Amino acid sequence: MQSAQAATHLIANLPSANGVWTHLHPMPGALADGDMPAGEVSLVVEQGLIRWIGAGDAVPAAYAALPRFDGGGALLTPGLVDCHTHLVYGGQRANEFAMRLADASYEEVAKAGGGIVSSVRATREDDEDTLFASAARRLEELLAEGVCAIEIKSGYGLALEHERKQLRVARRLGEAYGVTVRTTFLGAHALPPEYAGRSQDYIDVVCNEMLPALAAEGLVDAVDVFCERIGFSLAETEQVFKAAKALGLPVKLHAEQLSDMGGSALAARYGALSCDHIEHLSAEGIATMKAAGTVAVLLPGAYYTLRDTHLPPIQALRDAGVPMAVSTDHNPGTSPALSLLLMANMACTLFRLTVPEALVGITRNAALALGLQDTHGTIGVGRPANFVLWGVQEASELAYWFGQRPVRTVVRQGRVAV
Ligand code: NIG
Ligand code: FE
């Protein structure tokens, strides 16, 4: 990948965005405090924060002496938020892709040494710096498209030292790139080979040793489980949730991807931030998520890669008023995707989201899925200066084009990043 560019987004290398930004067209829903009258707006960035937003290009006298950046009529959106990724891992799994194309079943892939555990092997072999370098290249791709906040899960270590390594890399990426990183501990992602046939023993270690240790080191912002026939049971999931709650950590869930396990309703009862995948989500799951304010995170990249045909219940989620987010689910097995705009496109084409739903799904609702709604996902006075200017004529083009990157300028954490 683009190693020559690998340092371009490091926050230390980026110029300040402090100044007056004029001639901008906010996308509908972009502003935290509601849309302004149609027409251009200006905004002021100072010390990394948005200080002022107003219609037209006249700014209060207090800001008149600041540098000016002419947006040239560009579309303005909040910085994008990728709310579900497995960005840090060793190796890649192109061989599995080829096997799947030749109609290999999940079991056959697993027998040939593939699946999550093959990434576990590769991740355990890499040291922290190696993992940082490979994840940084992937992160650069997302940042170049306007991502300003990202969730990064562990789950390819499945042993304390290796889960720690992944989460430390996630934290380091956030510092080096000035991107908001929310870490999620996914120790219950798969059963590590050394625990074969001893699932309960492994879950006990996850709950009693790994999670408390990593939380004490400040490495865990949320806790996730892969609740599935090929993952962990409902009872095991609940045990992990209890351990998370005891430490005051929010939960989220890989739920209802391949079957209806009832995981979403369980997660919502634990006040989950989000339930993710949810192709097989039931009416009860939807009602419980609505009552709990849990976000439905849609992952069309995994649906596409697995050639799934069971659509998530979009109309029922819409009718119930459950907020929907869209994410890359970047991972080396089921969604090697590095474009959130492509995911927005696929959420529309495959899942029948409307374009506004898809765009809110990669901004406002994605921030909600991370508990970042007060600072990210919308543009507002007092919030960190995270926004993107796009070279398009209308917002719907963001979900319409694919395979191109119509970004004109990215402002991330008060710096001009692109
Ligand atoms: O979100 N569903 C489980 N976890 C990942 C896949 C991980 C992998 O195959 O490596 C997902 O799709
Ligand atoms: Fe995932």
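Rule-based calculations on the coordinates, nothing more; no lab input. The structure displayed is predicted, hence computed values, not measured ones. Glycine gets a Cβ as well: all are built from the backbone with ideal geometry, and neighbour counts include every protein chain shown.
When a/c is below 1.5 the answer is rounded, else prolate if a/b is larger than b/c, else oblate, so apply that to the chain with a ≥ b ≥ c taken from the square roots of the Cα gyration tensor eigenvalues.
Here the chain falls in the prolate category.
Would you mind ranking Trp21, Trp52 by Cβ crowding within 10 Å, fewest neighbours first?
With the sparsest Cβ surroundings first, the list reads Trp52, Trp21.
Can you tell me the length gained on complete extension of the stretch Ala283 to Arg269, counting 0.36 nm per residue apart and subtracting the Cα distance?
Length gained, Ala283 through Arg269: 3.6 nm.
Using a basic spin-label model with each label point 7 Å from the Cα along Cα→Cβ, how many nm lie between Ala112 and Asp57?
Distance between the two pseudo-spin positions: 5.9 nm.
In deg cm²/dmol, rounded to 500, what helix-only [θ] at 222 nm does the chain give when every DSSP H run of at least 4 residues adds -39500 (n - 2.57) and the total is split over its residues?
-9500 deg cm²/dmol
Can you list which of the chymotrypsin sites (Phe, Trp or Tyr not before Pro) found in region 313-418 are DSSP loop residues with at most 16 other C-beta atoms within 10 Å? Numbers along the way, then the final one.
Values: sites: Phe351, Phe387, Trp390, Tyr400, Trp401, Phe402; in loops: Phe351, Trp401, Phe402.
In loop regions of region 313-418 (DSSP not H, G, I, E or B), the sparsely surrounded chymotrypsin sites (Phe, Trp or Tyr not before Pro) are Trp401, Phe402.
From the square roots a ≥ b ≥ c of the eigenvalues of the alpha-carbon gyration tensor of region 91-232, which class results: rounded (a/c under 1.5), prolate (a/b over b/c), or oblate?
Judged from the Cα gyration tensor, region 91-232 comes out oblate (a/c at least 1.5, b/c at or above a/b).
Once whole DSSP H runs in the chain are found, which of them have Cα atoms spread over 20 Å or more along the helix axis and a mean Kyte-Doolittle score of at least -1.0? Mind dumping the intermediate values first?
Details: long enough: 128-144 (23 Å, 0.04); 160-177 (25 Å, -1.20).
Both cut-offs are met by 128-144.
Using the count of nearby Cβ atoms within 10 Å as a rough guide to exposure, how do His310, His280 rank from fewest to most?
The order, fewest Cβ neighbours first, is His310, His280.
Would you mind calculating the gained length between Glu175 and Asn95 on full extension (0.36 nm times residue separation, minus the Cα-Cα distance), in nm to one decimal?
25.5 nm is the gain from fully extending Glu175 to Asn95.
Whose amide H sits under 5 Å from the amide H of Lys153, counting only residues 5 or more places off or on another chain, with H placed in the peptide plane?
Thr85, His86, Leu87, Val88, Thr184
Check which residues have an amide H placed less than 5 Å from Ala17's amide H, if you skip close sequence neighbours.
Arg415, Val416
Which distance in Å, rounded to a whole number, links the C-alpha centroids of region 161-189 and region 12-34?
28
With a 10 Å Cβ neighbour count serving as the proxy for reagent exposure, in which order, fewest first, do Met324, Met289, Met343 appear?
Exposure proxy ranking, most exposed first: Met324, Met289, Met343.
Answer rounded, prolate or oblate for region 1-99, using the Cα gyration tensor with square roots of eigenvalues a ≥ b ≥ c: rounded when a/c is under 1.5, else prolate when a/b is larger than b/c, else oblate.
prolate
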